[in-house]
Amino acid sequence: MSSDIWNWGYALEILPILARAAIVTIEATVISFAIALVLGLILAVLRMSGPVVGWLASAFVELVRSTPLLIQIFFIFFVLPRFGITLDAFAAGIIALSLHYGCYCSEVYRAGLEAVPRGQWEACTALNFSSWNTFKNIILPQAIPPIVPALGNYLVALFKDTPLLSAIAVAELVQTAKNMGSDTFRYNEPMTIVGLTFLVLSLVSAVGIRWLEQRLNRRSVR
Amino acid sequence: MNASTEHPMVRFEGVTKRYGALTVLDDLNLEIKRGEKVAIIGPSGSGKTTVLRMLMTLERIDGGVIWVDGEPMTHMPKNGGMVPAEPKHLRRVRSKIGMVFQHFNLFPHMTALGNCIEAPMTVLGLPRREAEERAAELLNMVGLAEKKGHYPAQLSGGQQQRVAIARALAMRPKVMLFDEVTSALDPELCGEVLQVIRKLGSEHDLTMLMVTHQMGFAKEFADRVCFFYQGKICEQGVPKELFVAPKNERTQQFLRAVLEAV
Amino acid sequence: MGIFSLSAMLVAALIVIGIMSLFGDNALFMSGLLQGAWLTLQVTALGCVLAVVMATLAALLRLYGAAPLRWLAVTYVEFFRGTSALVQLFWLFFVLPLFGISMEPFTVAVLGLGLNIGAYGAEVVRGAIQGIQKGQWEATTALNMTRWQALKRIILPQAFVAMIPPWGNLFIELLKSTALVSLITMSDLTFRAKTINDTTMQTIPIFTLALLIYLVMSLSITIGMRWLERASLRGMVRGRGH
């Protein structure tokens, strides 16, 4: 039954192309998230240091969290060249994603840091630890494990946001599917495959995060 | 025919309750007469709270039958035998029972009056005016007439518990259950609640079943005291006898431990 | 951030927009951007309504429905949460017509975003209902209420208050997601910003203004939800142990 709706031959034909696009998606996800993790921690610390710096950092985070990622992507892509920084679409996309999710991660870090009992900080002062030492060896190791699942959820969210990069023509999954569609007028196969790919990967990572959460709970001393 | 041949108000017939491998109530047989005031005491894990909760259908029964006012509640007669009760039957018989909880469980989004009129209006279909009259009367009886427009968050623990009592009474139950109703209260607030219970007992013909740690109160108020141990009634009797000269050794141990703590 | 800080930011953003509109062609840009913002608001409002309806339905089915209905609710939630909003929009816009169902972009937008956020909302509603202490349910049993009476009069009103902050966040997510509809040819705020930029190349003022308008809308939602929460708490103090 040669279907107008679904052609298996075509579907198989486009798989390799989509696979290559998937690599771009994964690269974008991993690189952006790595930067977001670091950026988030920096922002979280900034928010806790001093009234002025703290308020500025908070305002920045609020601004980024309250506005669409898509506009931020356009902003980075179109505005930075004005300052002499020419970027290719992929780099601009990474920067936008990192900033956006860095702000989300900073919220998560903040919650994790605030959950560490005051007494820990005070004990370190009493033992004459340096701030850096306190933070690195005592506070962070307690703050991080409980928040790993929340960070994991943001990784999945970031992954699901990579299609926005199609707006600035980054050759990730959705952009590739769209192009195939407009070239051959067959949208169904590429879009459905891409949709299913996202669905499967998201469900798998959701299970993975829940597993991680359980493992961390078992190890925690609480 | 004298009153004592009348059927008991509450009857536990071979009642068993299990949580997994743990048997909390073990083939319990207990009868409570109409208008009787029974205090249930015992160590934690003895099953005493479970007795109340099962009577209030908050827990499912694993064996036996619970009878209320001459009818089976947890089961119903069908085709000559007993089958587990259908929801409608259960609700009908259950309507004769009211309960006051250790942690009050007042509805936080309603005022004291609101708490007391909600069930009469929603469940009994009383018109608002009648429900409000009834509620006002009950709140007056528990000494909280001027607090009827207050929300639970604005009331002290003792006041909240008194509202809870009024709320339960608004449904005109025949049996009132009190589940450690003073255990969550600061000591100085217990008195006002016990006073209300005392008043209830003397002015109304209610059958009352209370799980309590207040030994002094149980001694002067109860008609009968049941000491529970490991899911069974270890000893029961008139307070004067049980508290003063307990026959069973476990009872003696328990009373010693409790009175020492005072 | 407290209501005060948020309101301060809102006022500051409005002032900056006002001042910027005095310069150059910015006033012209603003008129175009505001038209787009109006469309954004419409999609957001309708999308939010759909999301709340779907979320409540899915949560109640999941908690109290018969097995097949429960299964349906779970599938809905996992499917829409598991896939990307943009992919869903594209699918509705490009693929559905192949099955003979052709919809206007506006309908696609409201449907796609409403269903998407509704799936996340279902978990919020479910969490709020399950978060109501067991004692409340037991009190309703002791007063011989049916489960439906208990839900309607006692449980849901309390759950409602607990839901307000997370719903606030979801409404803002929906607002931000409306930017995606610019990619299915709708003239929302993002689309306008991009097209005005394409023609005039005055990138910085245009995108800054667009960002500020989104910020104003987003802060308005947050502040609105805080007020709603305050109004609903009326006498109740949330988090009391009793």
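Taken together, the values in this text are just the output of simple stated rules run on the coordinates, not laboratory data. Fair warning: this is a prediction, and the values are worked out from it, not measured in the lab. Every residue, glycine among them, receives a Cβ derived from its backbone with ideal geometry; neighbour counts consider all protein chains shown.
Do you know the relative contact order of segment B:127-262, to the nearest whole percent, from alpha carbon pairs under 8 angstrom that are 6+ apart?
In percent, rounded to a whole number, it is 16.
Compute the Rg to Rh ratio over segment C:110-172 from the alpha carbon atoms, using the Kirkwood formula for Rh, and round to two decimal places.
Taking Rg over the Kirkwood Rh, I get 1.09.
Looking at segment C:60-179, what % of the alpha carbon pairs are farther apart than 26 Å?
Summing the P(r) of segment C:60-179 above 26 Å gives 35 percent of all pairs.
Within chain C, what is the longest stretch that has no trypsin sites (Lys or Arg not before Pro) placed in a DSSP loop and near at most 16 other beta-carbon atoms within 10 Å?
Between the exposed loop sites, the longest stretch runs C:1-233.
What do you get for the angle between helix A:188-219 and the principal long axis of chain A? Use alpha-carbon atoms, 0 to 90 degrees, nearest ten.
20 degrees
May I ask for the percentage of alpha-carbon pairs in segment B:159-199 that lie more than 11 Å from each other?
66 percent
Could you tell me how many degrees, from 0 to 90 and to the nearest 10, lie between the Cα long axis of helix A:51-66 and the main elongation axis, the longest principal axis, of the Cα atoms of chain A?
The two axes meet at around 20 degrees.
Two decimals is fine: what is log10 I(q)/I(0) at q = 0.11, 0.12 Å⁻¹ for the protein assembly as shown, from a Debye sum with one equal scatterer on every Cα and no solvent?
The Debye formula, applied to the Cα set alone, gives -1.16, -1.27.
Given that compact globular proteins tend to follow 2.2 N^0.38 Å, what is the ratio of the alpha-carbon Rg of chain A to that value?
For chain A, the normalised Cα radius of gyration comes out at 1.25.
Which order results if B:19, A:104 are arranged by neighbouring Cβ count within 10 Å, fewest first?
Lowest count first: B:19, A:104.
Just want to confirm a number: the relative contact order over segment A:20-177, from Cα pairs under 8 angstrom separated by 6+ residues, in percent.
36 percent
Mind pulling up the Rg/Rh value for chain B? Radius of gyration and Kirkwood radius, both on Cα. Kindly include the intermediate steps, with their values, before the conclusion.
On the way: Rg = 18.7 Å, Rh = 19.3 Å.
With Rh from the inverse mean 1/r over Cα pairs, Rg/Rh is 0.97.
Work out how far the C-alpha atoms of chain C reach from end to end along every principal axis, then list the three figures in whole Å, largest first.
Result, largest extent first: 71, 51, 21 Å.
At 27 angstrom or more along the helix axis (alpha-carbon based) and mean Kyte-Doolittle of -0.5 or higher, what helices does chain C contain? Whole DSSP H runs only.
Membrane-span-like by this criterion, though nothing is claimed about a membrane: C:26-64, C:105-130, C:156-177, C:203-233.
Restricting to bridges with both residues inside the protein assembly as shown, how much of the DSSP beta-bridge set is antiparallel, in percent to the nearest 5?
Approximately 60 percent, going by the DSSP bridge assignments.
Debye calculation, C-alpha points only, no solvent: report log10 I(q)/I(0) for segment B:1-121 at q = 0.11, 0.12 Å⁻¹, in the same order as the q values.
-0.46, -0.54
Take every Cα-Cα distance within segment C:143-242, group them into 5 Å bins from 0 onward, and report for each bin the whole-number percent of pairs it holds.
The distribution over segment C:143-242 is 2, 11, 15, 15, 13, 10, 8, 8, 7, 5, 4, 2, 1, 0, given as percents.
Please work out how much length the chain gains when fully extended from residue C:75 to residue C:5, using 0.36 nm per residue of separation minus the C-alpha to C-alpha distance, in nm with one decimal. Kindly include the intermediate steps, with their values, before the conclusion.
Details: separation 70, 0.36 × 70 = 25.20 nm, distance 4.03 nm.
Here the segment from residue C:75 to residue C:5 would lengthen by 21.2 nm.
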